[in-house]
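Quick notes on the structure that follows.
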Amino acid sequence: MAEDVLMDYAVVQTMANTLGTASSVLNTVNGILSTVEAVLIGSAFVGVIGAAAAAYVDDIRSAVSSVETLCDTTNKEVNDAIKAIRDGDTTGSSHFV
């Protein structure tokens, strides 16, 4: 176990903010891909190519959704870590004042 835990709060907060932004952007991309998939499914009656393209877009959308969930979860965990360490430092230092 580490004896000292040091954190540059600004740098780690920037990382958390970047993860939050990535999650938001990927959520938007996922919505756009859902729309594209719906259009392709609607035009699938034209032929097999529309159905194949819709399946391909669905695979991509699934991967984007997984990465979006990972970014969102990691963002929350990093923010929780910042809060825990900052609060721990504040609480601990108050015992010595």
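Only the coordinates and a few stated rules stand behind these numbers; no lab work does. Quick caveat, the model's predicted, so the values are computed rather than measured.
Could you give me D for the chain, from Stokes-Einstein at 10 °C and 1.306 mPa s, where the hydrodynamic radius is the Kirkwood radius over C-alpha pairs? Units µm² s⁻¹, please. Walk me through the numbers on the way to the answer.
Values: Rh = 16.4 Å.
The Stokes-Einstein estimate is 97 µm²/s.
Per the helix-only calculation at 222 nm, which mean residue ellipticity applies to the chain, given -39500 (n - 2.57) for every DSSP H run of n ≥ 4 and division by its residues, nearest 500 deg cm²/dmol? Write down the numbers at each step before the final one.
Working: 2 runs with 81 residues, N = 97.
Estimated from H runs of four or more residues: -31000 deg cm²/dmol.
Hey, what do the phi angles of region 29-34 turn into as Karplus ³J(HN,Hα) couplings, whole Hz, using 6.51/-1.76/1.60 and θ = phi - 60°, x for Gly and Pro?
Calculated HN-Hα couplings, in order: 4, 4, x, 5, 5, 4 Hz.
Taking amide H positions as placed 1.01 Å from N in the peptide plane, with prolines and chain starts having none, which residues 5 or more places from SER43, or on another chain, fall under 5 Å of its amide H?
Correct list: empty.
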